[in-house]
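Read through the structure below, which is laid out as C-alpha cells, and then see the notes.
The values are calculated or read from the model by the stated rules, or taken from the named source; none is laboratory data. Since the structure is predicted, the reported quantities are computational estimates derived from the model, not experimental observations. A quick note on method: Cβ atoms are made from the backbone with ideal geometry, for glycine too, and the neighbour counts reach across all protein chains shown.
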Ligand SMILES: [Zn+2]
C-alpha cells in the first residue's frame, strides 16, 4: 500500500487531470454531489479527497465548491445532515470523527475572516 509521493503525484494527474478537476469543481459548486460528479468520470470520490490531501490549492477549491453547492435548506454542521441527508460540505464533514482536514479548513476560514 505504501507509495512514493512522486509516483502518487504522477499517477493522480493521469487519472484525475486538470480538465477533469475543473469539470468536477464546476459540477460540485452547482450542487451536484461530489461522488456523482466523480462517477461521471468513472472515478470514486476518494480520488478527489486524495488529491485534496496532497494539493492545498485543490483542497481549498474543493471545499469552497462544496460550500457553494450545498443545499441551503439543510442545517449544516450536524451528524444527522451528514448521515441522513448525505451532505458532504466541510461543516458536515467536520462532524465525523477523524475528518480533521475539513475542520482545519473551517478553522482557517474563520481565522481569515476575523
Ligand atoms: Zn452540510
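What the table shows:
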quantity	calculated
Single residue of 15, 80, 24, 47 found to be over 16 Å from the mean Cα position of the chain (by Cα) and more than 16 Å from the ligand (Cβ to nearest atom)	15
Residues that are within 17 Å of residue 38 (Cα to Cα) and assigned to a loop (DSSP other than H, G, I, E, B), drawn from region 55-74	70
Which numbered condition residue 77 fails, given (1) in contact (Cβ under 8 Å) with a residue 12 or more places away in the chain; (2) in a helix (DSSP H, G or I)	(2)
Criterion: more than 18 Å from residue 36 (Cβ to Cβ) and either surrounded by 20 or more Cβ atoms within 10 Å (Cβ to Cβ) or not assigned by TED's automatic domain parsing to the domain that holds residue 29 (or both) - qualifying residue of 100, 81	100
Members of region 45-61 found to be modelled with pLDDT under 95 and exposed (fewer than 15 other Cβ atoms within 10 Å of the Cβ), listed by number	46, 53, 54, 56
Hits in region 62-76 (condition: surrounded by fewer than 20 Cβ atoms within 10 Å (Cβ to Cβ) and more than 7 Å from the ligand (Cβ to nearest atom))	64, 67, 68, 71, 72, 73, 75
Index of the failed condition, residue 57 passing every other in (1) more than 16 Å from the ligand (Cβ to nearest atom); (2) touching a helix residue (DSSP H, G or I) at 6+ places or on another chain (Cβ under 6 Å); (3) under 19 Å from residue 108 (Cβ atoms)	(2)
Verdict on residue 37 being farther than 17 Å from residue 105 by Cα, modelled with pLDDT of 95 or more and not in a loop (DSSP other than H, G, I, E, B)	yes
Selection from region 84-108 of residues that are assigned to a helix (DSSP H, G or I) and either more than 14 Å from the ligand (Cβ to nearest atom) or more than 16 Å from the chain's Cα centre (by Cα) (or both)	100, 101, 104, 107, 108
